1. Please count how many residues of segment 546-603 are under 21 Å from H56 (Cα atoms) and assigned to a strand (DSSP E or B).
2. Does segment 515-532 contain any residue that is within 30 Å of I684 (Cα to Cα), small (G, A, S) and out of contact with any helix residue (DSSP H, G or I) (no Cβ under 8 Å at 6 or more places or on another chain)?
3. If I filter segment 69-121 down to residues being out of contact with any strand residue (DSSP E or B) (no Cβ under 9 Å at 6 or more places or on another chain) and of a type in the set (K, R), which single residue comes out as farthest from A341 (Cα to Cα)?
4. Is it the case that some residue within segment 477-490 is surrounded by fewer than 19 Cβ atoms within 10 Å (Cβ to Cβ), of a type outside the set (F, W, Y) and touching a Cys at 6+ places or on another chain (Cβ under 7 Å)?
5. Just to be sure I understand the filter: pairs with C-beta atoms under 6 Å, separated by 6 or more residues or on different chains, first member in segment 203-223 and under 19 Å from E556 (Cβ atoms), second member surrounded by fewer than 19 Cβ atoms within 10 Å (Cβ to Cβ). Which pairs pass?
6. Please enumerate the residues belonging to segment 336-372 that are farther than 15 Å from Q675 by Cα, in contact (Cβ under 8 Å) with a residue 40 or more places away in the chain and of a type outside the set (D, E).
7. Quickly run through segment 315-330 and pick out the residues that are crowded, with 20+ Cβ neighbours inside 10 Å and either among the acidic types (D, E) or touching an Asp or Glu at 6+ places or on another chain (Cβ under 9 Å) (or both).
Amino acid sequence: MNNPSKEVRTHCSYMDHGGCGLLVTVEDGRITKIKPDPEGWLNRGYACPKGLNAHHRLYHPKRLTQPLRRTGPRGSGQWEPVSWDEALDEIAGRLDAIRQRDGARAVAFALGMPKGLDHFAMIRLANTFGSPNLVANQDVCHAPREITGVHTCGFYPVVDFKEPSELVVLWASNPMATHEEGGIGSQLSARLKAGSQLMIIDPHRSEMCEKAKLHLQLRPGSDAALALGLINVIIAEKLYDQDFVAQHTHGFEELAQAAARYTPEEVAAITWLEPEQIRQAARIYASAKPAALAWGNPIEHTNHAFHAARALVCLMALCGNLDVPGGNRAPLDPAIAGLGAFVRADLVPGKRTEMISAHHGVIPRFMTIPPAHLRRAVLAGEPYPVKGMFFFDTNPLLIWADSRLAKQALERLEFLACAELYMTPSAALCDVVLPAAASLEFDDIGHYGLGHGYILARPQVVDPPPECRATSQICCDLGRRLAGEEMWPSDYRALNGMVLEPSGLSWEEFVEAGHLQGPPKYRKYESKGFRTPTGKVELMLSTAGKFGLPPLPAWEGFPEELSGEFPLVLTGRKKLTALHSSYRWVDQLRAHDPEPLMEMHPLDALELGIAEGDQVRITTRQGSIVQKARLSERVLKGTVHAEHGWWFPEDPDHLGGWDRSNFNLLTSAEKLGKQFGTPNLAAIPCRVERAE
């Protein structure tokens with residue numbers, strides 16, 4: 001792949017969920033420039049700073065380029081280089097020893113948000129190993145919306161920016177700053193240019209709010225209450241789609257009775273809004289035909305994620321916006337391999353009852369382990385001990401709630417290994433670290449298994465360093481050692497072929513096409529009903545008693561109350577130039593946001609004697625961190641918006657200053673939502689003071 005100069009068409013990945021078409025310039029085997037593809041199927045010429053700077057990850061002087069084995073205490077930074085065979089044999093041998101002694105369930109496999117096919121290769125690795133414990137961050141990202149949607153209406157309602165909408169609602173979502181669950185900012189821009197109205201529901205007043213007909217700046221963490229308030233108005237004023245409700249919903253009368261208590265006046269006191277704002281929002285949404293609701297993952301950041309997601313699906317259903325063009329669609333996959341067959345779910349038939357989360361009574365179909373449940377298994381042996389773990393595409397020390405507890409769990413493990421691009425704080429705690437190839441250095445498939453109804457081609461653009469391997473290849477290498485060569489191909493590209501086989505396309509044909517999309521069929525419920533036990537949208541869950549679920553959405557109060565000691569509401573924020581904790585070490589991205597900034601209202605700052613640019617200490621019942629103050633009227637008085645995912649690769653500490661500005665030092669994993677094991681990340685009582 002060393003042509004003097006060429007331009008390669010591919011799709012962005014690993015810098016976010018991925019999806020933007022990119023044109024990548026390669027000179028003498030090295031990427032020199034990335035620009036958005038004007039013909040990109042999703043983005044049409046748009047790309048964020050992360051995508052445009054993706055190649056700088058490949059050429060960082062401190063990138064990991066050889067397997068390493070720890071020689072000193074965990075976190076000491078003492079390593080020795082080893083061969084790939086030595087490293088793989090040690091990982092396989094140590095994990096197998098735990099399996100032989102304590103059973104396969106004593107080993108966990110962990111990853112972050114789905115970014116490529118390696119996510120599902122890791123699930124396949126866990127299944128072929130025999131472990132029911134695949135740990136992921138889905139308790140606070142995607143699963144509460146996806147699984148709640150499946151229980152309520154039989155599918156995950158994906159926002160439809162491809163078809164015209166009279167109204168677009170951005171609820172805790174900003175597609176202009178992140179690729180959020182199937183919608184990209186350029187698609188939203190096209191809808192607005194075509195005449196769609198915009199309504200935004202978000203505690204932060206982004207620049208997009210200037211274009212909105214209405215912005216509801218609610219108190220962080222009060223989403224479920226607001227959604228119930230909208231439902232109250234829509235039902236009380238008979239604004240709902242009466243034909244759809246009569247023919248295609250179950251439990252309307254029960255929902256109406258439950259929602260009667262959530263009057264605009266009651267909800268206004270909870271959300272810090274005015275009653276008339278709530279009425280206005282309900283009327284705007286109900287009168288738009290159709291309305292597309294883009295719901296972001298911040299609604300999943302409290303213990304009440306299940307109720308928030310339930311209420312929003314009910315809201316979509318009441319107004320007839322489910323599975324209609326320009327609403328929230330039920331995507332159909334193209335002709336590709338089914339997820340269960342690809343990950344070999346058949347090899348762990350008892351997973352539902354054997355996984356750690358079964359002990360905690362999580363919602364059916366939620367099949368990954370919340371980090372909080374894993375840590376109880378590691379630290380307390382509840383419901384049984386976990387002794388070893390292998391991970392990639394995640395940084396648990398920064399990303400899991402209650403970072404100090406995460407550190408204790410990682411250090412307690414008998415054996416810990418990972419694959420990484422760079423020595424992150426979590427990698428620094430491992431026994432063996434494998435050097436991973438970066439996206440653009442291997443052939444990959446994007447959006448498989450995400451329920452968006454399409455997959456994207458991500459062909460290799462350049463070769464990786466000689467000692468770096470694709471994480472899918474690492475899964476193959478470990479799988480052949482741990483499960484047998486008959487279970488795994490020797491070359492990871494065969495996994496791509498497995499996914500494409502039902503389509504009849506070769507890899508080359510898929511790359512030429514760029515993407516595969518399922519048939520764009522709408523209103524499938526008219527002939528087939530909804531895929532629920534009643535065949536209807538279950539405003540009241542028919543399986544509530546069977547599964548121990550609340551039958552109707554409700555507001556159960558904030559996870560923690562404000563007090564004189566902690567009078568402000570803390571929530572987290574992400575930046576356009578980072579993906580959680582990823583790529584803080586990429587200079588070109590770090591230059592845009594060199595240090596962590598917290599935002600607070602100028603009136604709060606005045607009362608506390610804090611000036612713009614001061615270093616301030618944010619303290620919760622859990623701990624404290626320091627970030628730099630930015631005074632902004634874009635946030636509500638009484639709230640604090642602190643940046644998430646911060647560590648300092650330049651810090652001489654081998655753990656990258658993980659305990660200085662890390663948002664998850666302020667969060668707790670003690671109180672969890674039962675359905676998804678979700679901690680409270682968005683409505684945390686705190687105080688702020690100038691740092692010494």
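The values are calculated or read from the model by the stated rules, or taken from the named source; none is laboratory data. Computed from a predicted structure; not experimentally measured. Cβ placement follows ideal geometry from the backbone for every residue including glycine, while neighbour counts extend to all protein chains displayed.
1. The qualifying residues number 2.
2. The initial filter retains those residues of segment 515-532 that are within 30 Å of I684 (Cα to Cα), namely none.
No, there is no match, as no residue in segment 515-532 is within 30 Å of I684 (Cα to Cα), small (G, A, S) and out of contact with any helix residue (DSSP H, G or I) (no Cβ under 8 Å at 6 or more places or on another chain).
3. Only one residue tops the list, namely R101.
4. Checked segment 477-490: at least one residue is surrounded by fewer than 19 Cβ atoms within 10 Å (Cβ to Cβ), of a type outside the set (F, W, Y) and touching a Cys at 6+ places or on another chain (Cβ under 7 Å).
5. Taking only residues 6 or more apart or on different chains, the pairs are R219/W272.
6. Matches in segment 336-372: I336, A337, L339, F342, V343, R344, A345, L347, V348, G350, K351.
7. Selection gives A317, L318, C319, G320, N321, D323, V324, G326, G327, N328, R329, A330.
Quick grid of which residues meet (1) modelled with pLDDT of 95 or more; (2) among the basic types (K, R); (3) over 28 Å from the mean Cα position of the chain (by Cα); (4) in a helix (DSSP H, G or I):
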{"site": "G221", "(1), (2), (3), (4)": "yes, no, no, no"}
{"site": "G229", "(1), (2), (3), (4)": "yes, no, no, yes"}
{"site": "R261", "(1), (2), (3), (4)": "yes, yes, yes, no"}
{"site": "R283", "(1), (2), (3), (4)": "yes, yes, yes, yes"}
{"site": "A311", "(1), (2), (3), (4)": "yes, no, no, yes"}
